[in-house]
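The values are calculated or read from the model by the stated rules, or taken from the named source; none is laboratory data. This one's a predicted model, so the numbers in the text were calculated from it and none came from an experiment. In this analysis, Cβ positions are derived from the backbone assuming ideal geometry, glycine residues included, and neighbour counts consider all displayed protein chains.
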Amino acid sequence: PEATIHIAADYAVEWGTESGSVAVLRGHCLIEQGDSSLAARQMVVWRETGQTVSGPVETLTIYLEGDSRYEQPGRTFNEQTQFVTLRSPLAPQVKIGQVRTVNAPEESPLYLRALKRYQPPPGKSVVQQVQHTVIPESEPEIRSVQFQPSPAELRRVRVFPRSAVPYNVLSFESNQSTPPEQIWVLTGGVNLIVDGLDSIGTVDLAADRMVIWTRAGTGDEFRAETVQSRDTPFQVYLEGNIVVRQGQSVLRATSGVYDAREDRAMLMNAELRTFIPQLQGDLRIRAQRIRQLSRDRYYAQNAWTSGSQFGKPGYRLQASEVYLENRPANPWIGPGGALGAGVSPDGTPVQNQVPYIRSQGNTFFIEDVPLLYVPYLAAPADDPNLALRRASVRNDDIFGTQLKTVWDMYQLLGLEAPAGTEWDLYADYLSDRGPAVGTGIEYQGTDLFGIAGRHRGEGLLYYIHDSGTDNLGLGRRELDPAKTNRFRAQHRHRQELSPDLTIQSELGWLSDRNFLEQYYENEFDEGKDVETLIYVRQQFDNWALTALGRPQLNNFETTTEWLPRGDLYGLGQPLAGGWLNWSSHSSAGYGRLSPADAPDDPMDLYDAPEYYLNSASGAVLMTRHEINAPFMLGPLNVVPFAMGEAAFWGDDGTGDSLDRLMGSAGLRTSLSFWKAYPYVSNRIFNLNGLAHKIRLEADYIFTDVSEDLSAVPIYNEFDDNAQER
């Protein structure tokens with residue numbers, strides 16, 4: 001075939017050979033070539049580049065294991081294990097989440113099984129033997145092979161009475177199939193335990209009646225304990241009060257079928273309970289039919305799901321189809337993420353798994369009352385929330401009757417949420433103001449865009465079509481908004497490139513001066529100013545170097561634009577053998593002081609101090625140094641000090657430059673004393689001992705300056721925006 005081969009997986013371990021390379025793939029393995037595709041939980045791929053008459057050719061010999069599936073146009077092959085050979089004149093396209101290159105072959109059980117099941121003759125590699133097989137170049141080769149099991153690939157089957165009453169057995173060989181089958185019919189209450197399964201451990205099945213089909217050749221005599229190879233067919237039909245226990249999952253049903261070789265089952269009128277560690281409880285799925293597709297994959301039809309443990313839950317999500325499976329935690333943009341992969345001591349990749357649920361045709365019920373219909377939902381099962389996170393109804397004189405809702409965007413869009421992220425949709429209606437819509441995201445993790453280091457951030461977009469008036473307190477009861485279409489856009493991000501290097505960025509954009517005060521009053525009064533900036537800090541022990549760039553987006557706020565500014569800080573540098581300490585702060589930048597525009601409404605508040613109304617732009621230079629000599633005078637801590645500062649402004653607000661000198665000297669003292677009460681204990685307040693500490697401080701400072709502060713433009717703000725009005 002001329003088509004390129006595409007290879008994808010979560011993890012890979014690869015090494016070189018004399019004729020090519022070998023890769024062990026794990027997690028969501030997928031190989032595609034044209035209209036053909038191979039999928040499995042894990043694969044081993046031998047790659048060799050050779051020459052033909054028509055030119056170079058890439059040959060891939062692929063071993064598939066675990067839910068392996070090979071699809072070609074018009075036919076599909078499903079086997080527990082398969083070997084497939086693909087050829088292409090083009091180099092494969094590889095997309096692997098995490099790749100580890102080693103010098104020697106990986107001695108993993110998967111690779112050893114692949115070698116054991118296709119052992120090359122002495123002196124030849126596995127790839128060489130496959131190439132000796134005659135394969136038409138127009139079509140890939142597929143071989144599904146039944147292998148003789150090794151002693152480590154055995155399953156043990158044990159049969160016990162379900163109660164104190166012995167069970168009844170009918171055993172016979174059936175020639176109605178090819179090859180013949182041994183059939184056991186058990187009645188009277190049976191408990192069947194199948195263990196030794198590599199992929200799923202122990203399975204415990206109990207039912208009133210069972211019919212078992214397995215490979216013939218053991219005679220008609222029934223044995224309560226049997227050891228057979230894992231590839232031996234073993235199917236069970238169960239009926240009456242069925243209980244299936246597997247890991248942390250329990251299934252109950254009226255009838256069903258279980259296939260031990262394929263790790264699959266189908267149960268009728270069934271209920272699945274699986275323990276979710278994050279919830280510290282069970283997730284329940286009750287359905288007309290539940291299919292177990294593999295160890296941790298379930299498919300339910302005409303089902304409902306709930307976290308309630310009552311027989312008839314007070315709330316439930318009813319759906320036409322429900323899928324439950326474990327998925328690797330999907331990191332937030334980058335290979336590590338908040339829950340990224342690790343490596344076990346033997347070098348095997350380890351991925352955090354999260355239970356994930358998808359459903360179609362969903363109706364949310366409280367008791368028997370339908371409240372909400374959603375065509376499609378997809379979310380982690382450890383998140384008990386539906387798409388609707390919160391809803392509230394309230395009424396006041398400012399906004400009128402308010403309906404506010406918060407929705408999970410990932411569930412609404414049917415997307416898998418990256419680990420460490422939360423994405424919301426806000427849909428509100430305020431009767432006195434108008435409709436509003438917005439979206440917000442919070443995230444944290446590591447290795448953003450492949451950049452090493454931790455990160456966290458948040459973003460918010462919010463819009464309202466405002467047809468009312470602002471009520472901002474005494475004297476500002478009915479202010480006309482500057483705009484009908486009002487909004488805010490904000491993003492804040494922190495990136496730690498190393499323990500000593502940090503980058504922070506902010507974007508803050510408001511439609512008008514009163515929007516934040518009206519709709520986000522607590523943030524306006526107590527939160528950080530809404531501004532746009534980028535800030536970099538590099539720390540060297542007790543020294544730090546920072547850079548700041550800050551433009552002005554909101555002309556209705558008094559802002560100093562730094563285009564840019566750099567600062568150097570030093571703290572407690574010892575001098576004279578530790579007798580003296582030196583601290584300093586120096587900065588240089590270009591600042592542009594832009595006073596706020598006056599509000600459009602003459603009734604609005606606008607009485608900022610005069611020094612906030614001056615415009616200025618130019619260089620701003622400053623250096624400040626302090627030397628102190630701390631010592632103890634008995635219990636008294638005494639710190640004499642001297643400080644000096646020199647500053648220069650290229651524009652003092654009148655177009656002239658200004659320089660200023662400042663000198664200061666003084667004495668700082670402090671006295672600390674405390675008393676311990678070790679026998680004070682209180683379980684309610686979690687007290688086990690109590691200490692009372694007191695610190696008294698007294699300072700004496702003498703300062704002199706060459707220029708009064710009133711002559712200096714306020715490039716460095718004293719107050720937040722809320723106080724500058």
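Before moving on, here are some points about what is shown:
One line per residue, one yes/no per condition, for (1) free of Cβ contacts under 8 Å to residues at least 24 places away in the same chain; (2) polar (S, T, N, Q); (3) under 30 Å from Leu563 (Cβ atoms); (4) part of a strand (DSSP E or B):
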| site | (1), (2), (3), (4) |
| --- | --- |
| Thr623 | no, yes, yes, yes |
| Glu626 | no, no, yes, yes |
| Gly644 | yes, no, yes, yes |
| Asp656 | yes, no, yes, no |
| Leu661 | no, no, yes, yes |
| Arg668 | no, no, no, yes |
| Ser672 | no, yes, no, yes |
| Ala676 | yes, no, no, yes |
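- Top-ranked residue in the stretch 630-641 [being assigned to a strand (DSSP E or B) and touching a residue at least 24 places away in the same chain (Cβ under 8 Å); ranked as farthest from Ser670 (Cα to Cα)]: Phe641
- First in the stretch 96-110 and over 8 Å from Val13 (Cα atoms), second anywhere and at pLDDT 80 or above and of a type in the set (S, T, N, Q), Cβ under 8 Å, 6 or more apart: Leu110/Gln42
- Condition check for Gln301: closer than 21 Å to Tyr258 by Cβ and surrounded by fewer than 16 Cβ atoms within 10 Å (Cβ to Cβ): yes
- Any pair with Cβ under 6 angstrom, 6 or more apart, that starts in the stretch 424-441 at a residue that is more than 21 Å from Asn395 (Cα to Cα) and ends at one that is not in a strand (DSSP E or B): Leu425/Met409
- Asp719 surrounded by 10 or more Cβ atoms within 10 Å (Cβ to Cβ), of a type outside the set (Gly, Ala, Ser), in a loop (DSSP other than H, G, I, E, B) and free of Cβ contacts under 8 Å to residues at least 40 places away in the same chain: yes
- Residue within the stretch 543-557 that is of a type in the set (Lys, Arg), under 38 Å from the mean Cα position of the chain (by Cα) and assigned to a strand (DSSP E or B) present: yes
- Exactly one residue out of Arg624, Arg537 is of a type in the set (D, E, K, R), closer than 24 Å to Gln490 by Cα and either crowded, with 16+ Cβ neighbours inside 10 Å or modelled with pLDDT under 90 (or both), and it is Arg537.
- Close pairs from the stretch 385-410: first within 19 Å of Tyr315 (Cβ to Cβ), partner of a type in the set (Phe, Trp, Tyr) and assigned to a strand (DSSP E or B), Cβ under 8 Å, at least 6 apart: Leu386/Phe364; Ala387/Trp407; Leu388/Trp407; Arg389/Trp407; Thr405/Tyr426; Val406/Tyr426; Trp407/Tyr426; Asp408/Trp423
- Test result for Gly420, buried (at least 17 other Cβ atoms within 10 Å of the Cβ), of a type outside the set (D, E, K, R) and on the phi > 0 side of the Ramachandran plot: yes
- Which numbered condition Gln280 misses (of (1) touching a strand residue (DSSP E or B) at 6+ places or on another chain (Cβ under 7 Å); (2) free of Cβ contacts under 8 Å to residues at least 60 places away in the same chain; (3) polar (S, T, N, Q); (4) within 28 Å of Glu321 (Cα to Cα)): (1)
- Test: residue in the stretch 489-500 that is under 24 Å from Asp600 (Cβ atoms), surrounded by 18 or more Cβ atoms within 10 Å (Cβ to Cβ) and over 25 Å from the mean Cα position of the chain (by Cα): no
- The stretch 558-596, residues that are outside any strand (DSSP E or B), in contact (Cβ under 8 Å) with a residue 40 or more places away in the chain and exposed (fewer than 14 other Cβ atoms within 10 Å of the Cβ): Trp579
- Some residue of the stretch 35-47 being in a strand (DSSP E or B), more than 35 Å from the chain's Cα centre (by Cα) and surrounded by fewer than 17 Cβ atoms within 10 Å (Cβ to Cβ): no
- Of the residues contained in the stretch 517-529, one or more are found to be part of a loop (DSSP other than H, G, I, E, B) and over 23 Å from Val620 (Cβ atoms).
- Restricting the stretch 669-701 to residues that are surrounded by fewer than 10 Cβ atoms within 10 Å (Cβ to Cβ), among the charged types (D, E, K, R) and modelled with pLDDT of 90 or more, the residue that is farthest from Phe631 (Cα to Cα): Lys675
- Residues of the stretch 1-56 that turn out to be aliphatic (A, V, I, L, M) and over 23 Å from Arg100 (Cβ atoms), as a count: 2
- In the stretch 226-238 there is no residue that is of a type in the set (Asp, Glu), in a loop (DSSP other than H, G, I, E, B) and closer than 20 Å to Tyr167 by Cα.
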